[in-house]
1. Quick check: convex hull of the Cα atoms in region 135-206, volume per residue, rounded to a whole Å³?
2. How big is the dipole moment of the chain about its Cα centre under a simple scheme where the beta carbon of each Lys and Arg is +1, that of each Asp and Glu is -1, and everything else is neutral? Debye, nearest 20, please.
3. Can you run the Rg to Rh ratio on region 63-109? Use alpha carbon positions and the Kirkwood inverse-distance Rh.
4. Along each principal axis of its Cα atoms, how long is region 42-122 end to end? Whole angstroms, biggest number first, please.
5. Percent relative contact order of region 144-224, based on C-alpha pairs within less than 8 angstrom and at least six residues apart?
6. Separation between the Glu14 and Asn115 pseudo-spin-labels, each 7 Å from Cα along Cα→Cβ, expressed in nm?
7. Just to be sure I understand: if I project the alpha-carbon convex hull of region 105-224 onto a plane and average over all orientations, what area do I get in nm²?
8. Below 11 angstrom from the Cβ of Pro153, what's the summed charge of the other residues (Lys, Arg +1; Asp, Glu -1)?
Amino acid sequence: MGSKNKLKRFKENETFTNVFQPTREEVVGDQFPLKGKWSADFFKNDNPIVLELGCGKGEYSVGLAERFPEKNFIGIDIKGARFWRGAKTAVESGMNNVAFVRTQIELIHHIFAANEVSEIWITFPDPQIKYKRTKHRMTNAEFLERYKKILKPSGFMHLKTDSEFMHGYTLGLLHGLGHEVIYANHNIYKNEGAPAEVTGIQTFYESQYLEVNKPITYIKFRIK
């Protein structure tokens, strides 16, 4: 993407009422005004809040919001030029149950209060295969603790990935730490039983993976 195009998208993001781009200083200093107040001050209802971490273009956040109007969805990504597409689609479609925040995933406990989130989706994250990159894997033990801080006790996690490595790593970690694996499938388009929202919504890159018969995996779990 050209730098001019990026700048144009950054500028347009500033005009969207469903996009929030706090500075790191504001976030770390707990100055983000919607923390603990997403339902009351932004969505203005008591519907469950669902996050998509590393939302990219926002395809899944928007797709889920269309399927579940009784829930509120928030896409999180550090690259605003990416989720511009999802934010723009939501604005043009008049969707009031989806928003986007530009911030780092490791700071989400500064964006949301304890028990404020009902579900978290992680869709096609970088598997960070090298051992020295373990600390950056979005399902490592440290990240799971961060998610637990903001999830309701009954809250769910979803991991959808094309990486067999990420799938296996996460399953092993969940079992080893005593978390609850509710459903696991290493090839959702060939094995029956995957939830409709898992197979019914596809990202741009997922469609490309499927064209070359790359298996897509999925895990639904609860952090104990």
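1. Enclosed volume per residue, from the Cα hull, is 121 Å³.
2. 600 debye
3. Numbers: Rg = 11.0 Å, Rh = 11.2 Å.
For region 63-109, the value is 0.98.
4. 31, 29, 20
5. Details: 100 pairs, mean separation 40.7, N = 81.
The normalised contact order for region 144-224 reaches 50 percent.
6. 4.0 nm
7. 7.6 nm²
8. +4
The values are calculated or read from the model by the stated rules, or taken from the named source; none is laboratory data. Since we're looking at a predicted model, the values are computed, not measured. Virtual Cβ from ideal backbone geometry, glycine too; neighbours counted across all protein chains shown. Calculation scope for accessible area: heavy atoms of the full protein, side chains included, ligands and nucleic acids excluded. Shrake-Rupley method; radii C 1.70, N 1.55, O 1.52, S 1.80 Å.
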